[in-house]
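Visitor: Can you read through this structure? Questions will come right after.
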Ligand code: TEU
Ligand code: CA
């Protein structure tokens, strides 16, 4: 008696599955028909101002550096359960996507950018069950998660490398780059590196290995050997681990130094000219696009994902090779022109003027076509704090205003905006005064090479590292005015010291103040979401040569809708100005301002105070 019922249920279930599949196929068919229409040049109603609408184009992304976000168990190290505790905070902020810096098993030579096991959660961060709980918490709040894919290199403690170094005959030998050294006439027992490649983290990019009696290549730390993507097995293994996480439900990847995966054939010495900027050459290996296309074909195209590559070494003109949708590689990349506008060699400061930054953004808006997509960001875990880098921290008032101005800019420029944890609080650089306050391998190695090598005075090195060192952005999140800023328990010792200004700058205080940077960031994000013009609209710089005011428009026409016209005016500095909009233009209704009491209507002459940021209709 019971069997027929069960059978019917089973059949019904099958019918549902088939119905679901056929609906999916119909949708997929529609999408591919739309794509075909686009290719044949016929007008497709699905496009918005020529762009194919995509969730990742409309998203605002928030980067979490797990080590420094929230410690939930009092060991002084941030963890996944700590992130889960703050998901409501992130949802309230209005961000759609979380980019999680590496959460994998790692000996932490470079804070997780050296991965020992790609399928395991870092012990200090928790367990896979914690990860799953975090992911479902993110989904339950209608947000998405992208994770960091670090596959140009692994840790030297990864099983592949352990095998690889064990013998020349090991099947994993070709997973990495092993080479004989050059003869060293002065000391025959110690050969010289195979070529003159420098490491990003000082010294040679080659490490002598006593077991293997050969050198291996490491663009980054000695503990980060470069994977050999020319070996098809490496690609297969990487694609499999990507699927492992995608099948768990993650929504895509931020890909660490991804253009570096295709090495120069034969690994010849850099010429003196190439030596000026090694990543330029390293990022343009002969198989880069082939490997990314294979990755897209075999993995990415099978999921609805967001992909963003760290485009180190790639010029803006070259970006479409990676991001043009017709090429089926990645959705977008990070270009460093803007964030490095004030940077000279290594951590040295370069004087810059506003027109240079505008020229970069103008270049972005013109160099990319309607089938490319862009990112907008001025901070991450490798750069100083946003407000310390581009704003003014000389007084509390200017810190708040300038941070709001920068948030306004990020949410209104063209491209998917990325913010970094603490930006929304206008957290600042740390007052580093001595070497032992730093944790970062980049600083420690550079100290050895530069200061101990006699190339630079210690005081100058510390001052530059205080200005640009990566640990500035890695100090723990300041949640409250409790000891340790609420990052960890009062008795614990955080892995990196909390900025002493946590008593004034913290989330609790900002939540209570409607005029805080936190509340303002929330409004700026909401504004971004409220106007498709900020996503798909045209960008026009109204006054490219003005050294004080950045004024631009975003406008969007869609069939059957009134044109969306928005005007952004930013006074970059403390000097007030009476600004006459160019071309007889008049500002209309105010939609966002960083100073309370700003008049509701604009006009053609705007009285701008220190660090005033305004968005109007026009
Ligand atoms: O960064 C690559 C990179 O561009 C850095 O070398 C950067 O130029 C430098 O640190 C700035 O001072 C990525 C990750 O974002 C970084 O955290 C890692 O250390 C690095 O790759 C190696 O994985
Ligand atoms: Ca912890």
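Visitor: Against the definition (surrounded by 21 or more Cβ atoms within 10 Å (Cβ to Cβ) and more than 25 Å from residue 94 (Cβ to Cβ)), how does residue 319 come out, yes or no? Explain how you work it out, then say what you get.
Guide: Numbers: surrounded by 21 or more Cβ atoms within 10 Å (Cβ to Cβ): yes; more than 25 Å from residue 94 (Cβ to Cβ): yes.
Here the answer is yes, as residue 319 does meet what is asked.
Visitor: So, residue 408, is that one touching a helix residue (DSSP H, G or I) at 6+ places or on another chain (Cβ under 9 Å), outside any helix (DSSP H, G or I), on the phi < 0 side of the Ramachandran plot and in contact (Cβ under 8 Å) with a residue 24 or more places away in the chain or not?
Guide: Working: touching a helix residue (DSSP H, G or I) at 6+ places or on another chain (Cβ under 9 Å): yes; outside any helix (DSSP H, G or I): no; on the phi < 0 side of the Ramachandran plot: yes; in contact (Cβ under 8 Å) with a residue 24 or more places away in the chain: yes.
No: the conditions fail for residue 408.
Visitor: Further question on the same structure: Does at least one position in region 380-391 carry a residue that is touching a strand residue (DSSP E or B) at 6+ places or on another chain (Cβ under 8 Å), within 16 Å of ligand 1 (Cβ to nearest atom) and assigned to a helix (DSSP H, G or I)?
Guide: Yes, because at least one residue in region 380-391 is touching a strand residue (DSSP E or B) at 6+ places or on another chain (Cβ under 8 Å), within 16 Å of ligand 1 (Cβ to nearest atom) and assigned to a helix (DSSP H, G or I).
Visitor: Quick check on my filter: what residues within region 362-379 are assigned to a helix (DSSP H, G or I) and out of contact with any helix residue (DSSP H, G or I) (no Cβ under 8 Å at 6 or more places or on another chain)? Let's see the steps before the verdict.
Guide: Residues of region 362-379 assigned to a helix (DSSP H, G or I): 362-367.
Listed by number, the residues that qualify are 362, 365, 366.
Visitor: Still on this structure: Go through region 252-276 and give me each residue that's in a helix (DSSP H, G or I), surrounded by fewer than 21 Cβ atoms within 10 Å (Cβ to Cβ) and under 18 Å from the mean Cα position of the chain (by Cα).
Guide: Kept after step one, since they are in a helix (DSSP H, G or I), are these residues of region 252-276: 258-261, 272-275.
Pick out the ones that are also surrounded by fewer than 21 Cβ atoms within 10 Å (Cβ to Cβ) and you get 272-275.
If the condition is that a residue be in a helix (DSSP H, G or I), surrounded by fewer than 21 Cβ atoms within 10 Å (Cβ to Cβ) and under 18 Å from the mean Cα position of the chain (by Cα), then no residue fits.
Visitor: In this structure, is residue 433 part of a loop (DSSP other than H, G, I, E, B), closer than 30 Å to residue 556 by Cα and either within 16 Å of ligand 1 (Cβ to nearest atom) or at pLDDT 95 or above (or both)?
Guide: no
Visitor: When you scan region 514-521, do you find a residue that is more than 26 Å from the chain's Cα centre (by Cα), free of Cβ contacts under 8 Å to residues at least 60 places away in the same chain, surrounded by fewer than 18 Cβ atoms within 10 Å (Cβ to Cβ) and closer than 30 Å to residue 430 by Cα, even just one?
Guide: Looking through region 514-521, at least one residue is more than 26 Å from the chain's Cα centre (by Cα), free of Cβ contacts under 8 Å to residues at least 60 places away in the same chain, surrounded by fewer than 18 Cβ atoms within 10 Å (Cβ to Cβ) and closer than 30 Å to residue 430 by Cα.
Visitor: Which count do you get for residues in region 321-342 that are farther than 20 Å from residue 260 by Cβ and within 16 Å of ligand 1 (Cβ to nearest atom)?
Guide: Within region 321-342, residues that are farther than 20 Å from residue 260 by Cβ and within 16 Å of ligand 1 (Cβ to nearest atom) number 3.
Visitor: Further, regarding this structure: Within region 441-522, which helices (runs of 4 or more DSSP H) (wholly inside it) include 2 or more residues that are within 18 Å of residue 69 (Cβ to Cβ) and at pLDDT 95 or above? So that I can check it myself, show each step before the final result.
Guide: On the way: elements: 441-446, 458-468, 471-474, 507-512.
Passing ranges, in order: 471-474, 507-512.
Visitor: List every residue pair whose Cβ atoms lie under 7 Å apart, where the two residues are 6 or more positions apart in sequence or sit on different chains, the first residue falls within region 170-196 and is within 16 Å of residue 267 (Cβ to Cβ), and the second residue, located anywhere, is crowded, with 16+ Cβ neighbours inside 10 Å and at pLDDT below 95.
Guide: The qualifying pairs are 178/212.
Visitor: Which residues, taken from region 73-85, are without any contact (Cβ under 8 Å) to a residue 24 or more places away in the chain and either within 16 Å of ligand 1 (Cβ to nearest atom) or within 22 Å of the chain's Cα centre (by Cα) (or both)?
Guide: Answer for region 73-85, where residues must be without any contact (Cβ under 8 Å) to a residue 24 or more places away in the chain and either within 16 Å of ligand 1 (Cβ to nearest atom) or within 22 Å of the chain's Cα centre (by Cα) (or both): just 82.
Visitor: Can you work out which of the residues in region 591-610 that are under 31 Å from the mean Cα position of the chain (by Cα) and surrounded by fewer than 19 Cβ atoms within 10 Å (Cβ to Cβ) is nearest to residue 402 (Cα to Cα)? Spell out the reasoning first.
Guide: Of all residues in region 591-610, those under 31 Å from the mean Cα position of the chain (by Cα) come to 591-595, 610.
Then drop every residue that is not surrounded by fewer than 19 Cβ atoms within 10 Å (Cβ to Cβ), which leaves 591, 595, 610.
Details: 591: 18, 595: 11, 610: 8 Å.
The residue in question is 610.
Visitor: It is to be established whether one or more residues within region 107-121 are more than 16 Å from ligand 1 (Cβ to nearest atom) and buried (at least 19 other Cβ atoms within 10 Å of the Cβ).
Guide: There is at least one residue in region 107-121 that is more than 16 Å from ligand 1 (Cβ to nearest atom) and buried (at least 19 other Cβ atoms within 10 Å of the Cβ).
Visitor: Let me ask another. For region 122-142, which positions are away from ligand 1 (no atom under 16 Å from the Cβ) and crowded, with 22+ Cβ neighbours inside 10 Å?
Guide: Selection gives 125, 126, 131, 134, 135, 138.
The values are calculated or read from the model by the stated rules, or taken from the named source; none is laboratory data. On a predicted model such as this, the values are computed, not experimentally measured, just so you know. For neighbour counting, all protein chains shown are included, and Cβ atoms are generated from backbone atoms with ideal geometry for every residue, glycine included.
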